[in-house]
Structure formats: C-alpha cells, structure tokens
Protein chains: 2
Amino acid sequence: MSTTTNRKRIVVIGGSAAGPKAAAKARRLDENAEVTIIQRIPELSMASCGYPYYVGGFFDDRNALLCSSTGVVRDPVYYINAKNIVARTETEALSIDRTNRTVLCRDLRTGETEEVPYDSLILATGALPNIPPVPGNDLEGITTLQTIHDADYLRKIRDDKSIKKAVVIGGGLIGIETCEALNLAGIEMSVVELLPQLLTFLDWEMARLVEMHLGQSVNVFTDNGLAAFLGENGRLVGVKLANGTELPCELAVVAVGVKPNSLLARDAGLEIGSTGGIAVDEYMQTSDPHIYAAGDCVEILHRITGRRVHAPYGDLANLEGRVAGENAVLGNTVTFPGTFGTGICKIFDYAAGTTGLSERTARSSGFEDIITVINASLDKPNFMNGNLLITKLIAERSSGRLLGAQCVGPGSVSKQIAQWAVAIQGGLTVEDLVNSDLPYAPPFSLAIDHFIATAHVMQNKIKGRFKGVPAAEVKSKAESPAPPFLLDVRGPDEFEAMRLGIGETLIPLGALRNRLHELPADKNTEIICFCKISLRGYEAALVLEANGWSNVKVMEGGIMAWPYTRER
Amino acid sequence: MSTTTNRKRIVVIGGSAAGPKAAAKARRLDENAEVTIIQRIPELSMASCGYPYYVGGFFDDRNALLCSSTGVVRDPVYYINAKNIVARTETEALSIDRTNRTVLCRDLRTGETEEVPYDSLILATGALPNIPPVPGNDLEGITTLQTIHDADYLRKIRDDKSIKKAVVIGGGLIGIETCEALNLAGIEMSVVELLPQLLTFLDWEMARLVEMHLGQSVNVFTDNGLAAFLGENGRLVGVKLANGTELPCELAVVAVGVKPNSLLARDAGLEIGSTGGIAVDEYMQTSDPHIYAAGDCVEILHRITGRRVHAPYGDLANLEGRVAGENAVLGNTVTFPGTFGTGICKIFDYAAGTTGLSERTARSSGFEDIITVINASLDKPNFMNGNLLITKLIAERSSGRLLGAQCVGPGSVSKQIAQWAVAIQGGLTVEDLVNSDLPYAPPFSLAIDHFIATAHVMQNKIKGRFKGVPAAEVKSKAESPAPPFLLDVRGPDEFEAMRLGIGETLIPLGALRNRLHELPADKNTEIICFCKISLRGYEAALVLEANGWSNVKVMEGGIMAWPYTRER
C-alpha cells in the first residue's frame, strides 16, 4: 500500500541508459523528490555500446564502462552522494500494482520481497537478445554480447587466449562489432547472416562495400542461415549452416537482433505496440498516466514514415529518458519527437552509417517518387592524407526533399552522416544543399565537401544532366546478350593497376575528343562511362552527348563503388 | 572588335579557384562553347589553402597543390585535353572593353597584347594582401603567404634551414596557419596582432583558449600593433611593436587580411560594393549583364544579417564559380544564396571553427534578443580516447533560433561546426536540437553528442534552470571588493592537480548535501558554482537552490573554458 508524502516518489525500473538518465533529470528538476532506481544486476549506467571495444582491447579497465566523465564509478554510493538517488541494485522488479501504485521487488541477495510505492513510475527495462530456435542453442560456448556479464565472458576469452575459432551469428551492427573485437583478440572469425547482406540499415550495394572490407579480415557468409549448433559433451564444436556448410568453432556469439523487454509492462496491462515495444505517446507516457517508459523497451515514432518502430540505440535511450524524467516529475511538459533512424558502425578501418530511409525502406514505406545517387570522393585532400567516402543519397524527385543518406568508407563517415541527419531534420532539399556553407580548411575537408559534392551530383541527376546508373544495373547489362559499350576513361596506368574486367574499353578522358571514331558508329548504342569515382566518367558522357550519341550513361560512384569482385 | 560565331565565347579572368570552376561548369553545360581562362601566373588551379601545409612539411610534392584528384597536374595541356578549355597562362588582363566585349590581354612572355572577345565574361581576379603602411615594409625578408610564389619562398626557407626567428604580423586564420607551418620548420615564431584577440571570427573568450594553446609553441602578442619593420642593409632584422617592444627576426610574414582585387572591374565601370568587392546579384552577375564575377573579388550576401560581406574563402569561391559558370553559359538559371560565415582553422593539436554570428557580430548587427552559452565536453568517450570540445552557442532568446556557434579544442571541431552550419541553414531552434538523432557509436561520439548536449544546456538556460555566467564575469566579480562565494565542486585530487586560485572553496558535489553548513548563512549571498566542465557545477547549483539559496549561478564551461591563467 502506498502512503502519500509531500515528496514526490519517482521509481525507475532499469539502471542502464534510459533509467539513470530519467532519474538524474527528475532529481535535477525536483531536489525534494524521492528518486529510486531498481536494477537487477550489480552494475549501473553501463556504457553497453562500449562492450565490443572492451572485448577488443581498445581499453583494459572494465571500470571505464561504468564511470562518469570524471572517472568515478557510478555505483549506489555515487548515486546517493552525487545525485541523492537511491539505486537498489541486485533487485528485481516482479510486478506492478497500478491500482495501489507499487512495484513488487525482490532483493536477489536475500530473496526478500518488498512493495515499493511510486507516484510516477518509469520503465526502462531494455531489450532482450533474440536466440535462434535451432538445435544445440543451449550448448556451452554460445553467448550474446548484450550484458556486461557477456562482455566479461568474452573479455576473459580474449585474455586467456583459449580459443582459436569463433563464429558470429548475425551480420548486423553488434555482430560486426563483435567480429572485429574477437578478430583483434587473435581469433579466426566467421560471420553468418541469413539475409543477402550485412547491416540491413544499408542498401545492398552499400552493404557489399562493407562486406568486401570485412572480408579482408573475417570469413563472411551471407544469404545463409544457421541450421544448428554442433556440440560434443555439451560444448560447442561448430555451427552448421542452412546450405550444409559446417564451420568448426569453440565459440559462437549470437547477434540476431533484440526484442523489447516489455513483459513487466504487458503483465501490468499496459498497452504494447505492434513491434512488441511498450506503447508511449510523445511525452513518453504509457497507457497509464502514472507510468512512463523509455529506452530499448519502447517503440517510438519514425519521423519520416510516421510509423512506430523499435529503435534500440543508446543515444535515443538517453534522450527518451531525459523526456520521461522531466514529465514524470513535472507533468507532461516536454516531448520526444522520434527517430530518423540514424546509426553508425565501425568496421576495422571503415565506418558505415545511415540516416533517414534507405532506398529499400523508402519503397516499402510507400515512397514512389524517389531518386537515388551514389557519389564517391575523398574526405579531405590527397595531400592531407584524405580517405575515401562513398555516399548513397535518397531524395524525393519532385521536391528534392532528402529522405535518407548512407555513407561507407575509411573517411570521416560520422561527420557526413551527422550533416545529413541535421539536414533531414531541417527539411532541407537538394537545391538548398548545393550551396551549403561548411567549415573548410585542408586538414578537415575538400574545398567542395563530399556532402556538398553529393548534392551537386544529385542536382545534376534531377536536372537530367547526370544520367547515372547503379553498378548493379551495369553488371546485369554487361552480362546480357547485347551488352552496352562500356567506357573506362581513366589513364592507362590506372587501368593497369585496377580494372573491372567486364568488357570495358579504355579511352582516357584527355584523349576522348580525338578518339571519338573508336566509339560505336550507331549513335543510338547504349554507352556507359565510368572512371575511378565517375567524375571523369560524367565529363566523358557530356562529350559524347554533345557529339551526337543519344543513349549515354554514367556508372554512379565509379570503380570505388563497384560492389563486386574486380578483375584486378 | 569581336566577331560573332555560333559558338558561345566564355572568357574567365583568373585561374585559381572560382575561375577554373566556372570554366569547367560552363564547359560541362555547353560542349560547343569556346571557354578560355586568362591567368597571369604560370600555375593554374592552385590549392592555395594548402600552402601553409606545404610550407609546414605536411607533404613535400609541390605538384600536389596543382593536381586533380587523380594526381594529374592541371596545366594548360590538361585543360585542353581533359576539358577542352584554353588556359592562357602568363597572360595579364589589362582592361575590359564592355562596348565591344573584349578583354585586352598581354602575353607576359612576349609582351604582345591582344583583344580577346567574349559573349560572357567571368571575373575571378581574387584578392590582394593588405600591407601595413609602416616604415621598412619594403625590406627584403618580408613576405605574405598569398601566392604560390610566396609558398615557394617560404618552403625554400624551410628546406634551407637558413632562418632562426620569424614574426607573423596578423593573428587571423592565415597568420596562425603560417605560425604553425614555420614552427614545424624549426623556426622560433612570434605572432603580433593589433586587436585584443586572435581569430576575430571567435568571441574573445574563445579566442583566448586558442591563444593559450598557440602560446605553448609560439610567442603571442595581442593588443599590440606593428610600428615598423627594422632593417640593416635593406634586409629585415626585426620588427618594432606599438608598445616599443622589438622582436629580432630574419623573416616577417604579413597576414593582416586581404582586399578584393577589383581594379579591373572598377576601371571598366562596374559597380563596386561598399566592402570594395565587385557587386553581384544572386546570379553572380555584375552591373553589366554580360559580366559575372565570383570568388575573392566579389562581395556576397550574409545569410543572417542580410548585409554584403567580403568572404574570401576557397569553398565559397568554388560554389560561386559554379553558379557564375552556369549562368554565363545558360543565362540566369541558378542562384548563390550567400554565406553563413562558416570557417575553421587548425592550430597545432587544436582546431577553432565558427558558423553564423559571434556574440560580438550579432550585437553589432542589431540583434538584441540574444542568449549565449558555453559548453564543454568530450567528443567521444574517455575509453575511446575522447578529446575536449568547447562550444559557444548564440541564439535568439525568444524564438530559440540559432544565430551562431563557435567551437574550439583538440576534439572533432570540424564535425561540430558542420552540424551547426547545417542546423542554422535549416532554421532549426534549440528546442529542435535537444532531440536530434545523430550517428552514435563509441568510436565516433558520446551517447549524447556534444552538439546535443550544448543544445541541452542552452535549453536549460532559456528555461531559467541553468543560470550560467561567463568566465569573464566570474573573474571580474572575484576581483571585486565584495566577491561572491566561489564554489568548486570537484574532487580533492582534481583540485590538487589543477585549480583557478580565485578564492574558491572546494566542496565536492558528493559531499555537498552534508556540508551545506559551510556555505554562506545569508541565503541571498551570490554563489557561483563550477567544476571541470560545469556539469557537476550545475547539479550543485540546483542543490543549493533547493535548499534556499536564492542567488546561485554556474560558471559556463567550467575550468576547461577558463580563458585566463590558472593558479595550477
């Protein structure tokens, strides 16, 4: 039975990201409130997105995962002293009595239960990993990388150097980060993905660029499901794939996504959304006005499609927690607008990021009037050791409104995606971005930043000047019975060093105007021009069009964006 | 006398950034046009922003300054072969005959003159360095870093190791880049600035952070003009400052800004703006409809103040050239909207960037309803070797609209400024940005990116929760006869290692609630709280307010943003 006091009682269930953020915000807004965090495990405020980097040895101090920015471990003593928040760790929330506004809790050390009263309750119960329902999934040697316990387990494997081969099941963000971590630990790694591509936040051709880079360090199996875990004496000895391939291994890390941990909410009769996440409105309020929810346990609005999505990302969890904490203590005053689906992943020397919709999700969300382009350039000048960026931009053709952007490569992907994310939030169009005013100096960018250059290419495509075609279309045409004339306009030395080998003819751009007689006499012949990144390819196409060829195209992104094996 | 042909004649005067861009764009839009570049020096398409890095030895191949992205030097042969553009180098444009539409040119090798006819003319005559009108300014050993010839001269000095001491006159962007370059060449450097601060695109307190960093490698003299260059036998031996200080040196680099090189336009009777730049409309068209202009020779619109400004930046030159080139060949079809004043500068291990208005320029432009805040945090987690960022944000108080942002520090300043630039372009408000969806993973950012965190602090300040005061106000109050109670809430070890020493009392945040009796008994006493970055300072202030103190403030940005010498 709850008793009323004049101090508002805020109870938060969950102590990872959204929960502590909500609790801290509530505390800052009401120094007199009683703020309590209920946390099942001993740790609090874990930087769970850092687990792969701890496992991979980017740092060695486990406490770094639990520290404030000033290096203090955020344990219950820290919470009570610095924030006057009671953090009840090793305490499980068993059920919610919404009528009496209490949470039934069990102290996992003593087994004792207690009813904890609340005026406002904030659910931040996180997510649970999916486990493939295949034979052998209970063998020893199978883990996830979801909890700090999992991180401890994998870090010990790294430190013990006890394992030679491991398999990651699932080629998403966590799967790839785990692959890198265990590879850095000296383990021979394979990754298995059911779908035809890694990182489904990317479109296929962009994911292929990641796959080719990852494939330099790790065995990658896409389009190939897991059939079974194979064991001997209760221990994992291999995995069997859907196509029959067996991969011997002593360790398997399952990373096939997570589902909202909404059981407590469901049992309490709160509304659950179609994704399985707790339904919340823009105030992060559940169907019970005394209960808010935030983080990986909820579903939120996608700001482009207007649909509800499960977006289990640490940054959003913090923002949602901030809103839930404020509203829980002050009443509904601030709103959380939802997600643009922004994300990023490190893949050895590459990064891959996205914001907004992919071409695939744009189409499946009902957008039909779309136009896409792929652009490749350096992030800064060659003389400042610039690195390659490859961006795919998706826009609404008629309005030029940005719908999404993906970026892959060794360059500063994070900066590019951040710019696209803010541009999409600002409702900017391609026409706006062709004249953006960005910070330029050679140590930081090209004079025309990759972001602006991508807008330029898209503008040219929208205006019909740049007749770009994606690499997949080029490949399929090249392999057809009547292939187009494929024109590589790079220099001979570049051609010697690297080439597609799809039947292309080499005529360097600088020689093109004098060698037009080498081109098909039939001016209606389809010609596809390209170079390393297709800037010269574009210029070549314009030369040919001006000389009467009527069906000239450019392969977008050039050889750098070719998502297949090259001849060289 | 011009003769008409059916091929449009596009003549471009100037071959650095805007000119070649305009010429290339014109060529791409009209393969049949006659496109000619008139260039006074032998080189074309110089990456002039790269000169300091060539001088500083970031790279050694001079051709890298002149190359296309594929490594081909952009000489006249390249221009004619790859782009079918006639580049007449070592040719000076002497005058424009607007009636007959010709440019009188002189071949500097032969001395011969020729009238070159045009249908559209594009002026890209660049800028000229200001030279201080002081005694001795014609001594040998005084240079600028404006031309590739200057870069060659300074690079030779680096390679010859012939000089021990040098002085840079002017603490702007080029001055600071030159300081770094010559310091890296092993030369003892001093920089002299007439104004009270370096980098006037920053507000004073932000510029001080740059100055303190620069001061670790270079002697910095601010608020101190140049009185004379001192010479012996026609050679520089020192400089004399306004306050009488003499600095012995064998080399002086003058970097006190540039002025538009608009003489040719002025002589031709074209309209010149109040900044001295060629007046152009949004089509980059001058007062003569047959003449366009672009780059450092024009003045353009400032997109926030609506005023005309001289913005001599390489990125804008390219964008302006693109617009001028298209309109020159197709008629007025595309527009250039102007600048947000975005810029960035490398200072050894720091960067300093800006976009939009500074507090100073906002006030001088008539904005009165403004609010500013300074925020400090890492760019990514400590465990991923995060680096500090310090941002000053300027917004319109009533609407929350962003007016400007400045960022300084060893962290990823370029990414931060790029985000602010796009946000300002998108017309976003502080309320929009508190829930931005940015790419988060530990190798790239904090869970709450510095950009979003800065919006959070500003939101709290607008709502009256965060009562921030700038460091300058704290210092002046601390030195007043009745100083406020200054409360440092860091840990004792942090206090031992680093402290302001302005009369502050140390009470760690974690102990504060139990040590309230150590605070002034008079609850109206002004109290100013701070910590390393003032996050704990903010929490402390809330604790004190909740306990009855009525005049509690927080020092913005904490010790990290303190723009003065510290006790430790």
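Every read-out reported here was derived from the displayed coordinates using simple, explicitly stated rules and does not represent laboratory data. Keep in mind that what you see is a predicted model, and the values were worked out from it rather than measured. Glycine also receives a Cβ, built like all others from the backbone with ideal geometry; neighbour counts cover every protein chain displayed.
Annotations for the structure displayed:
- What sits nearest the axis between copies B and A, counting only chain B Cβ atoms, is the residue and whole-Å distance B:G426, 1.
- Average partner coverage of B:536-547, which counts Cβ from other chains inside 10 Å: 3
- Förster radius 41 Å - calculated FRET efficiency between B:R266 and A:R303, Cβ distance, rounded to 0.05: 0.20
- Given A:K392/A:K475; B:K380/B:K467; A:K475/B:K83; B:K392/B:K553; A:K392/A:K463; B:K259/B:K392, the pairs whose alpha carbons are separated by over 20 Å: B:K380/B:K467; A:K475/B:K83; B:K259/B:K392
- Whichever lysines have a C-alpha closer than 23 Å to that of B:K240, once near sequence neighbours (fewer than 8 apart) are set aside: B:K164, B:K165
- Using a Förster distance of 25 Å, the FRET efficiency for B:V134-B:K164 (Cβ separation, nearest 0.05): 0.60
- Across all directions, the average flat footprint of the convex hull enclosing the Cα atoms of the protein assembly as shown is 48.2 nm².
- With its label point defined 7 Å out from Cα along the Cα-to-Cβ axis, A:E188 lies at 6.1 nm from the matching points of the other copies, in increasing order.
- Estimated FRET transfer efficiency (B:E496, A:R62; beta-carbon r; R0 45 Å; 0.05): 0.95
- Region B:349-462 has equivalent-ellipsoid semi-axes of 24, 15, 11 Å, by the square roots of 5 times the alpha carbon gyration tensor eigenvalues, sorted largest first.
- Here the spin labels are modelled as points 7 Å beyond Cα on the Cα-Cβ line, and at B:E567 and B:R98 they lie 6.8 nm apart.
- Tilt relative to chain B, helix B:314-330 - C-alpha long axis, 0 to 90 degrees, to 10: 40
- Principal-axis tilt of helix B:148-160 within chain B, Cα atoms, nearest 10 degrees: 60
- Fewest-first sequence of A:F485, A:F340 by Cβ atoms within 10 Å of each Cβ: A:F485, A:F340
- Peptide B:39-52 shows a mean partner chain C-beta count of 2 within 10 Å per residue C-beta.
- Placing a pseudo-label 7 Å from each Cα along the Cα-to-Cβ vector at A:R397 and A:N32 gives an inter-label distance of 6.3 nm.
- Shortest-first distances to equivalent copies, position A:A511, nm, label 7 Å out along Cβ: 8.0
- About the Cα centre, charge dipole magnitude for the protein assembly as shown (Lys/Arg +1, Asp/Glu -1 at Cβ), debye: 560
- The alpha-carbon of A:K21 sits under 16 angstrom from the alpha-carbons of these aspartates and glutamates, leaving out residues fewer than 8 places away in its chain: A:D30, A:E31, A:E34, A:E43, A:D75, A:D296, A:D315, A:E320, A:E326, B:D449, B:E539.
- Simple spin-label estimate for A:S217 and B:L506 in nanometres, 7 Å along Cα-Cβ: 4.2
- Take A:G215, move 7 Å from Cα toward the beta carbon, and the resulting point lies 5.6 nm from the same point in each other copy, nearest first.
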